[in-house]
Amino acid sequence: MGTETKVLVPDIGDFSGVEVIEVLVNPGDRVEVEGSLITLESDKATMEIPSPHAGEVKSVAIKVGDTVGEGDLLLVMDVDEEAAAEEPAEQGGVPAPAAEEVEPVQAPAPTPVESAEESQRLPGEKQPQHPPVLVRPSDAPSATAHASPSVRRFARELGVDLLQVKGSGAKGRVTKDDVQNFIKSVLAGGGAVPARGGALTLPPIPEVDFSAFGEIDEQPLSRIKKISGAHLCACWLNVPHVTQFDEADITDLEAFRQEQKGIAAKQDIRLTFMPFLMTACVGALKQMPEFNSSLSADGENLIYKRYFHIGIAVDTPNGLMVPVIRDVDKKGIFELAQELVEVSGRAREGKLAPADLKGGCFSISSLGGIGGTAFTPIVNAPEVAILGVSRSAMKPVWDGNAFQPRLMLPLSLSYDHRVIDGAQAAKFSTLLSGLLGDLRKLLL
């Protein structure tokens, strides 16, 4: 007989209430160290939890559909005696984290002319990626809601008044799903929510019975599309968008890429145009740091980032995902090309880790492989700009004496007008076009 040991959920980052989508073991199964036990699905990624021990599964404490967080019990197993003897006594499991202290949140007192509806607020800019809300409203109407510090941060980022969210948990506890459903109902036209301190409202879209006009087929949206859809709506509503259009002459750059493809292929590297574009973007971000910044939560300060992490939009079977390539300024073209292939593959397979989706400074959305001449990408808040790239085409370009055939790349730069003005956007696109036209300028 081995040593009976509890296996708990390990550190899974800044997440809790993560859904169990697959249980990979049953009582009586034999597992080895690092063998997969369960699969969890966070906001935009799936992750497998490995076994910290080798042994036999005695009982499983969770099932598909449950939500878990760090420290929750997964299963009990008999650990092999030889392996158990080599492990510290306290390694049998991770202690469950202590519950956060609940603090009261005072609702703002309305002015004499303020109606109940005017005290509501629009959803905030950021995609919810925080622990679930722990609001404990009283049964009777009250001006006070109780929430932990993490909950207050979560609600503040979304711009949600906790007093207006009906809890579905025990004793009226508001869960993360309750807050997300509240946001979705507002964005879908479930109610007109005034902007903070103003009279602007979002009129609801009338509900239509489409079956009255013919045959229909209703299919549920994927989980990723539901989450990204709410985030995109929040970004569009909260960021004053402007898009700057331009073209870059990439004739020489494309010729150089074609020359290097053979060398890259010998190293099993698929050399696309994207690594060159990422490198040029970093060069432009270094010269114009406003594009590598974010507004502070109160909108009073600008936070300049001294790192260069680029988000790359990837089209997956389940919807759009934006994994982040870190420290682009410290990597060569071939290294970036290899990392892009690996990250894009994990995105399409749904195997991105939560950390793969965080920390972006600037995003790129490329439709060049599909078509089109221009589009208006939505700024991925809290970033302040995003670059859209369409399909390149040969065009006649006047060189002062004659028209010459040049390969031109359409650029669509969307930006947050609170941070960036039109002149800066025009300078950035001109600078980026120049770098793409001659990457040797990055060496100067």
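Every number in this text was worked out from the coordinates using simple rules, so none of it is lab data. Predicted model, so just to flag it, every value in this text is computed and none were measured. Cβ sites come from the backbone with ideal geometry, for glycine too, and all protein chains shown count toward neighbours.
Of note:
- Percent RCO, i.e. relative contact order, over the range 242-345, from Cα pairs under 8 Å lying at least 6 residues apart: 23 percent
- Placing a label point 7 Å from the Cα of Glu349 along the Cα-to-Cβ direction, the residues of the range 243-277 with a backbone N closer than 19 Å are 268-270.
- Cβ crowding within 10 Å, taken as a proxy for footprinting-reagent exposure, orders Trp398, Trp236 from fewest neighbours to most as Trp398, Trp236.
- The fewest-to-most ranking of Ser366, Ser36 by surrounding Cβ atoms within 10 Å reads Ser36, Ser366.
- Pairs of C-alpha atoms in the range 294-412 farther apart than 16 Å represent 69 percent of all such pairs.
- Model label points for Val64 and Phe403, set 7 angstrom from Cα along the Cα-to-Cβ axis, are 6.1 nm apart.
- Equivalent ellipsoid, the range 381-425 (semi-axes from 5 times Cα gyration tensor eigenvalues, Å): 31, 14, 4
- Cα-Cα over 29 Å, subset of Lys305/Lys395; Lys6/Lys351; Lys225/Lys358; Lys330/Lys358; Lys226/Lys427; Lys166/Lys305: Lys305/Lys395; Lys226/Lys427; Lys166/Lys305
- What the Cβ-Cβ distance of Asn181 and Phe210 gives, at R0 = 25 Å and to the nearest 0.05, is a FRET efficiency of 0.65.
- Cα gyration tensor shape of the range 242-443, rounded if a/c is under 1.5, else prolate or oblate by comparing a/b with b/c: oblate
- Placing dummy labels 7 Å off each Cα toward the beta-carbon, the span from Leu237 to Leu221 is 1.3 nm.
- Here the residues Asp217, Asp252, ranked from fewest to most Cβ neighbours within 10 Å of their Cβ, fall in the order Asp217, Asp252.
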